[in-house]
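The values are calculated or read from the model by the stated rules, or taken from the named source; none is laboratory data. Predicted model, so just to flag it, every value in this text is computed and none were measured. A quick note on method: Cβ atoms are made from the backbone with ideal geometry, for glycine too, and the neighbour counts reach across all protein chains shown.
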Amino acid sequence: MMTHRQPRPAALLAVALLPAVLLGPLACTAKHPRPDPDDAAAVTEIDPLDYAPRDAEFILSLSPQAAYGSWLDRWFSTETINQLREYASGCKLDPGRLDRFVMFAAGEDHGMFALVGPGVGDRERLRCLESAYNSRAGESRMQVHAKHSGELWFDITDFGAGYIINDDAILVSSTEWKQTARELARGVGQRAKDGPLAPLLAEVDQTRELWFVGLINENDDANFPVQSIHGGGALSSGFELDLVTTHANADHAARAVSTMQTAIEALPLLLTQDGDGADKQRQLAEQVKRAITVTQKSTRAHLSARVDAAPMELVAARLSAMTKGLRASSTPADVEVEHQVKTIDAANGPM
């Protein structure tokens with residue numbers, strides 16, 4: 001098992017939360033009509049875990065169709081993501097039709113993800129994406145290759161390579177996992193189902209819109225001494241999250257519970273904006289208290305969060321405004337975010 005430096009407590013919690021925020025918008029768009037479910041019926045039989053490398057230490061799975069049009073889509077898109085959407089749209093590939101996005105990682109350098117959806121591995125669409133991407137970059141940064149045998153793959157400068165599983169699925173890998181990805185795409189090689197993550201994969205509910213499993217190696221953090229995490233949630237109607245952390249003993253689990261509770265108590269202050277009166281701050285603190293609970297059972301800690309659609313929209317708006325405030329200068333998108341936050345605040349009144 002490879003080892004790596006472990007993040008501090010706040011970052012450990014973010015392992016489960018941030019990938020959904022940062023990677024989710026890659027697969028969603030609010031600018032196109034929702035696809036007919038029948039269009040994707042043929043690709044749902046593809047199991048991305050068949051292409052997860054055995055030595056993966058973290059797996060996150062997201063349903064793009066669930067994130068489609070959600071608060072995640074509306075508030076956390078970036079300029080880079082919007083460019084990717086442009087490329088895809090111009091090549092008749094709607095990211096909102098993707099059936100599943102699954103990310104695999106190990107250590108600091110090994111990364112891979114599988115995309116499953118109608119036409120995502122189609123040869124002509126990949127050639128189109130190659131042309132669009134290189135045209136925008138002003139240089140050849142993506143190259144699609146084909147062997148006489150019919151095998152198709154592509155290279156992306158400064159990232160790695162992609163391999164076509166079939167017309168409806170691709171596997172994209174960092175340089176360090178290129179050979180492993182090629183073998184898995186061809187149906188050979190060892191898989192995570194038979195590796196160290198197997199027990200966690202057996203526990204997690206893989207039917208949820210979002211789910212994740214992860215091993216934390218050599219974690220000696222005094223406040224968050226965790227060995228593994230797993231859980232899942234939903235994005236399409238508000239926000240749901242169930243996070244389970246496993247520890248070496250009950251004392252370590254108790255420390256993790258205390259750390260999570262401290263972070264939760266700080267959330268209302270994090271979400272407070274100038275102009276919020278004392279009543280609004282108290283209501284926000286009460287809402288957070290009702291929405292998020294942390295419990296302990298033996299050597300495990302369990303965090304459960306349930307936020308309805310309307311409150312989640314306001315929370316997402318404020319988080320988006322907060323990240324905008326951390327940047328040195330405002331963009332036109334930042335100005336629009338600020339305007340929308342004020343509009344939502346006015347419509348909601350006290351939370």
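Name the residues in segment 235-257 that are over 17 Å from Ala202 (Cα atoms) and out of contact with any helix residue (DSSP H, G or I) (no Cβ under 7 Å at 6 or more places or on another chain), would you?
Glu240, Leu241, Ala248, Asn249, Ala250, Asp251, His252, Ala253, Ala254, Arg255, Ala256, Val257
Restricting to segment 182-201, count the residues that are part of a helix (DSSP H, G or I), among the aliphatic types (A, V, I, L, M) and either touching a Lys or Arg at 6+ places or on another chain (Cβ under 9 Å) or within 14 Å of Asn166 (Cα to Cα) (or both). So that I can check it myself, show each step before the final result.
Restricting attention to segment 182-201, the residues satisfying the condition of being part of a helix (DSSP H, G or I) are 182-185, 192-194, 198-201.
Okay, now just the ones that are also among the aliphatic types (A, V, I, L, M), so 184-185, 192, 198, 200-201.
After this cut, where a residue has to be either touching a Lys or Arg at 6+ places or on another chain (Cβ under 9 Å) or within 14 Å of Asn166 (Cα to Cα) (or both) as well, the list is 184-185, 192, 201.
Of the residues in that region, 4 qualify.
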Checklist entry - Looking at Glu209, Glu286, which one is of a type in the set (Asp, Glu) and in contact (Cβ under 8 Å) with a residue 12 or more places away in the chain? => result Glu209
Checklist entry - Can you tell me which residues in segment 265-275 are closer than 15 Å to Val315 by Cβ and surrounded by fewer than 17 Cβ atoms within 10 Å (Cβ to Cβ)? => result Ala266, Leu269, Leu270, Thr272, Gln273
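Could you pull out the residue among Leu126, Leu152, Leu210, Leu215 that is within 22 Å of Ser63 (Cβ to Cβ), surrounded by 18 or more Cβ atoms within 10 Å (Cβ to Cβ) and touching a Leu at 6+ places or on another chain (Cβ under 9 Å)? Lay out the reasoning, then the answer.
Working: Leu126 fails: within 22 Å of Ser63 (Cβ to Cβ); Leu152 fails: within 22 Å of Ser63 (Cβ to Cβ); Leu215 fails: within 22 Å of Ser63 (Cβ to Cβ).
Every option except Leu210 fails the conditions.
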Checklist entry - Among the listed residues Lys280, Lys289, Lys324, which satisfies the condition of being modelled with pLDDT under 70 and surrounded by 13 or more Cβ atoms within 10 Å (Cβ to Cβ)? => result Lys324
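Among the residues of segment 100-157, what is the count of those that are farther than 29 Å from Arg208 by Cα and in a loop (DSSP other than H, G, I, E, B)? It would help to see each step written out before you state the result.
Within segment 100-157, the first condition is being farther than 29 Å from Arg208 by Cα, and the residues that meet it are 123-157.
Checking the rest, the ones that are also in a loop (DSSP other than H, G, I, E, B) come to 138-141, 147-151, 157.
Total satisfying the criteria: 10.
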Checklist entry - Based on what the data block shows, is Ser89 at pLDDT 85 or above, outside any loop (DSSP other than H, G, I, E, B) and either within 22 Å of the chain's Cα centre (by Cα) or within 28 Å of Ser70 (Cβ to Cβ) (or both)? => result no
